[in-house]
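Right, one structure below, let's go through it.
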Amino acid sequence: MMDQIHVGNIASFAFFVPELILLAGSILLLILSLTKIQSRRWAIAIVLFIFSTAFFASLFSLDRSTTEIRLFSNLLSLDPFSDFARIFFLFSSLLTTFFFYQSKTFSSTKKFFETTAFLSILTVGLICMVSSVDFLMTFLSMEMVSILSYLLVASRPKDAFSSEAGLKYILFGAVATGIMLFGLSLLFGMAGSSHFTDVASFLAGELGAYQIMALFFCMICLLVGFGFKMTIFPTQMWVPDVYQGAPTSVTAFLSVSSKAGGFLVFLRFLLFCMHEVGNQALMFFEQVRLHEILVFFGLISMLIGNVSALRQRNMKRLMAYSSIAHAGFMLLGVSCFTQDGFESVLLYLTLYLFMNFGAFYIIHLRTIDTGNDHMDSFRGYGNQNIWMSISMAIFLLSLIGLPPFSGFIAKFYIFKGLIAQEYYTAALLGAVNTVIAVYYYMKIIKWMFLKDGNDPEYPRYSKVSRMFVIFLLIPTVVLGLYWVPLLRWIQISINFVYL
């Protein structure tokens, strides 16, 4: 069992330094948006300084591997799992700020400062959401993340697609939130508390048939709320339209950080229950058929995502359906309810960050070149810029899960967890879905290298853009060959449950 320390409200701020840096930085950025600063170099320097400072401040917490610290009246927990989430979200946001800087949507310094201010607050919301050990705090953090995500999606008010995407995101988000809140209220009524400790103790007690039925309904409602963030069935309908209508930089962020937020907060609840009441939590999960629910949702998500992606000609819609399929894979890892299964999800999310950001960034560059984000824009790309085409091919092959790239390792550990639990049918169907994914990813590669292009001009990219692609490409390749240090860190993040 880990050492547990309860800290007073004022003293809690000493452990909240990265988040305070982001909040103070967001205020500064909003003030700067009202000034007449025109230099974009100064703008990106200020923003990168804020996010980099917060990121490096978060690294100082990594030596606290055997201590769990409860903050703000026992609402938040700082432990190895929340440390992982904090670093993941800060790193993802750091990449996103550079992406925003390259986007024409945020070309004015005023718009850039405003958007990055929203991003910094959103990042704090994601960290609090995953660090929360009380459903009230979880819900408030999720709403904070959702509202700011709506603003980012609809950040092009003169663009009909962006406005439509923002409206659909709000409507679907409101429905998912309402369903989740109904389930939480029912759970609160039965458990008598919204704190994870009390809820876990209630779930570990003797439950009658009617209580089990009610809790089954609660689990479905929670999955709808968390699943909206995870982009899994049955709340995946919003994904294609929102991903297509939002600026590509925002789409990349949502496809990684928002998805990770949903998975990590759900894992937090499952891990906390297992940490508090041990095998009794697994008995409860078995009573409400949670394993079967997760496997069913995961397989349907993969099927919908992969089959729908087959006929897509718009790159962002194709990547949206692909994102749904990847979420289905990760949900299968969660369904194992084992240390290996949970570790595979965190490993998948980390590796997915690099390859997905890389693919979206090259889509963004190609959209600037050709003025559209259709697959036709990649026709003959290999003849125009061989190095960028090879980079895109590597990102896509990694998303398929082919060796020797990191995507293979991500899927390997998912399959390893499934086979270890003897879930052979789920593993087989997962393999079939991987084969389906080969078709639409390879179609893009085929168009790049085996089709003649319509644009004879040789696209020229800045040195910064090329370096950014290389920065994402290196871990995509290297972590496919040597991933042990990353896996050890992930094991530390999960091991606190099994100590």
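Quick notes on this one:
- Applying both filters, DSSP loop and at most 13 other Cβ atoms within 10 Å, to the GluC sites (Glu not before Pro) of segment 202-294 gives E206.
- The orientation-averaged projected area of the convex hull spanned by the Cα atoms of segment 54-132 comes to 5.5 nm².
- The value for the chain of Rg(Cα) / (2.2 N^0.38 Å) is 0.94.
- Sequence ranges 401-413, 48-60, ranked by mean other-Cβ count within 10 angstrom, highest first: 401-413, 48-60
- Each of H326, G208, M274 was placed along the dipole of the chain (beta-carbon charges, centred on the mean Cα), and the one lying farthest toward the positive end is H326.
- Rounded, prolate or oblate (a/c below 1.5 giving rounded, otherwise prolate when a/b exceeds b/c) for segment 246-299 by Cα gyration tensor: oblate
- Zone residues, segment 109-127, relative to T35, backbone N less than 20 Å from point 7 Å out along Cα-to-Cβ: 109-121
- For the pair L20 and L181, the difference between a 0.36 nm per residue extended length and the Cα-Cα distance amounts to 55.1 nm.
- Cα gyration tensor, segment 211-281 - rounded (a/c under 1.5), prolate or oblate: oblate
- For I490, net neighbour charge (Lys/Arg +1, Asp/Glu -1) across residues whose Cβ lies under 15 Å away: 0
- Given charges at Cβ of Lys, Arg, Asp, Glu: segment 265-404 dipole, positive-most of G341, G382, F354: G382
- Taking all C-alpha pairs of segment 1-131, those more than 26 Å from each other amount to 27 percent.
- Pairs beyond 24 Å (Cα-Cα), from K158/K443; K36/K104; K168/K229; K411/K463: K158/K443; K411/K463
- Each Cα pair under 8 Å and six or more residues apart adds its separation to the average, and for segment 10-78 the resulting relative contact order is 37 percent.
- Taking Cα centre as origin and charging only the Cβ of basic (Lys, Arg, +1) and acidic (Asp, Glu, -1) residues, the dipole magnitude of the chain rounds to 1840 debye.
- A simple charge model with +1 on the Cβ of Lys and Arg, -1 on the Cβ of Asp and Glu and nothing else charged puts the dipole of segment 52-121 at about 360 debye relative to its Cα centre.
- Averaging the sequence gap over all C-alpha pairs within less than 8 Å and six or more residues apart, then dividing by the number of residues, gives segment 205-308 a relative contact order of 34 percent.
- Kirkwood hydrodynamic radius over Cα pairs of segment 148-264, then Stokes diffusion coefficient at 4 °C and 1.567 mPa s, in µm²/s: 84 µm²/s
- Dipole size of segment 1-131 about its Cα centre, with +1 on Lys/Arg Cβ and -1 on Asp/Glu Cβ: approximately 800 debye, rounded to the nearest 20.
- Relative contact order (percent, whole number), the chain, Cα cutoff 8 Å, 6+ residue spacing: 14 percent
- Gyration tensor (alpha-carbon) shape descriptor, segment 10-69, a/c threshold 1.5: oblate
- Protection proxy ranking of 122-135, 143-156, by the mean of other Cβ atoms within 10 Å over each peptide's residues and highest first, is 122-135, 143-156.
A short reminder: the numbers here are calculations on the coordinates, not readings from a lab. Please read all numbers here as calculations on a predicted model, not as lab measurements. Note: ideal-geometry Cβ built from the backbone for every residue, glycine included; neighbour counts use all protein chains shown.
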